[in-house]
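Each value in this text was obtained by applying a stated rule to the coordinates, not by laboratory testing. Since the model is a prediction, treat every value here as computed from it, not as a measurement. Heads up, the Cβs are rebuilt from the backbone with ideal geometry, glycines too, and the neighbour counts pull from every protein chain shown.
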Ligand SMILES: Cc1cc2nc3c(=O)[nH]c(=O)nc-3n(C[C@H](O)[C@H](O)[C@H](O)COP(=O)(O)OP(=O)(O)OC[C@H]3O[C@@H](n4cnc5c(N)ncnc54)[C@H](O)[C@@H]3O)c2cc1C
């Protein structure tokens, strides 16, 4: 299949991209890595009349630490985030999540910003971003906004970005030393989109007590979901096998899956339980230095 005809512009600054978006409004789409948009155009699921290529905006390609945050430009390639020593050290769950996306050639083109704006409910980056409580910085004609994951992601393939806004940056709090973490997913084959994914983070206090737990689920709702009641089971506790089992069951209740070609809703819910339990056991092990 070939895409329908479109006009093509390149932008070399954020201001230029915004002014093009303002001019063409709903007819225009940003293209970054093209790894989601181009297949959609080829299948004519998306038929933008105007493409605005942001690959020339070098100011959006960076990974750095600012105080207690890792700050990543929207145009940074998934592979660069995955292999960044800073991300691997300070935010390893994100590097792990990205390593599970498709194949290396896709990650070499695909960008962190493109994955977030595409908002696929079976994508790895949004699950990690929810779990990490990261913030998205977007810029448009009337200035800048910083959005929490719950404000940014609205539904399947839908964010709260206005037609003339672009995502410019992701800000991720650094994980403290000895934080336990895990990113696990169920796929039929390595590189496939997942059926269920789970990000678990255990913030540890004194005496092996978990101060705060975060459990984030992917593939079981229109956006990623924080399993808050399951998190509460673990907060303030020494994490035992019995608590992990209970938290897995509670997290499965928070899942809101639908049946589709890949798996039934019942299967997704049960695999949520299994993968939360597996993920929490791995996170506990890492918190102990294992
Ligand atoms: C074979 C294959 C397998 C894949 N497997 C996986 C997988 O297992 N897991 C997974 O998570 N992903 C997978 N992907 C998708 C991949 O991760 C994409 O790269 C990513 O989802 C989109 O990033 P991109 O930079 O290519 O965005 P593009 O395709 O260029 O754009 C995607 C959308 O985001 C918008 N956009 C992009 N950047 C911005 C911005 N800065 N501001 C505003 N709007 C913007 C575009 O207008 C478009 O609507 C796969 C892709 C392919 C082709």
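Being farther than 20 Å from residue 112 by Cα and in contact with a strand residue (DSSP E or B) (Cβ under 9 Å, 6 or more places away or on another chain) is the filter; apply it to the stretch 47-61 and report the residue that is surrounded by the most Cβ atoms within 10 Å (Cβ to Cβ). Looking at the filtered set, the residue picked out is 48. Checked against the criterion of being more than 10 Å from the chain's Cα centre (by Cα), part of a loop (DSSP other than H, G, I, E, B) and either in contact (Cβ under 8 Å) with a residue 24 or more places away in the chain or surrounded by fewer than 23 Cβ atoms within 10 Å (Cβ to Cβ) (or both), the candidates 101, 93 yield just one match: 101. Restrict the check to the stretch 27-35 and report whether at least one residue is surrounded by fewer than 17 Cβ atoms within 10 Å (Cβ to Cβ) and away from the ligand (no atom under 13 Å from the Cβ). Scanning the stretch 27-35, I find no residue that is surrounded by fewer than 17 Cβ atoms within 10 Å (Cβ to Cβ) and away from the ligand (no atom under 13 Å from the Cβ), so the answer is no. Among the residues making up the stretch 182-200, those that are assigned to a strand (DSSP E or B) and either within 15 Å of residue 125 (Cβ to Cβ) or out of contact with any strand residue (DSSP E or B) (no Cβ under 6 Å at 6 or more places or on another chain) (or both) are 183, 185, 197, 198, 199. Once the stretch 141-174 is narrowed to residues that are over 25 Å from residue 221 (Cβ atoms) and part of a loop (DSSP other than H, G, I, E, B), the residue that is farthest from the ligand (Cβ to nearest atom) is 174. Is it the case that the stretch 131-140 has a residue that's assigned to a helix (DSSP H, G or I) and either in contact (Cβ under 8 Å) with a residue 12 or more places away in the chain or buried (at least 24 other Cβ atoms within 10 Å of the Cβ) (or both)? Checked the stretch 131-140: at least one residue is assigned to a helix (DSSP H, G or I) and either in contact (Cβ under 8 Å) with a residue 12 or more places away in the chain or buried (at least 24 other Cβ atoms within 10 Å of the Cβ) (or both).
Summed over the stretch 108-130, residues that are outside any loop (DSSP other than H, G, I, E, B), in contact with a strand residue (DSSP E or B) (Cβ under 8 Å, 6 or more places away or on another chain) and within 7 Å of the ligand (Cβ to nearest atom) total 5.
Kindly indicate whether residue 219 is within 14 Å of the ligand (Cβ to nearest atom), buried (at least 22 other Cβ atoms within 10 Å of the Cβ), touching a residue at least 40 places away in the same chain (Cβ under 8 Å) and more than 30 Å from residue 19 (Cβ to Cβ). Answer is yes for this residue.
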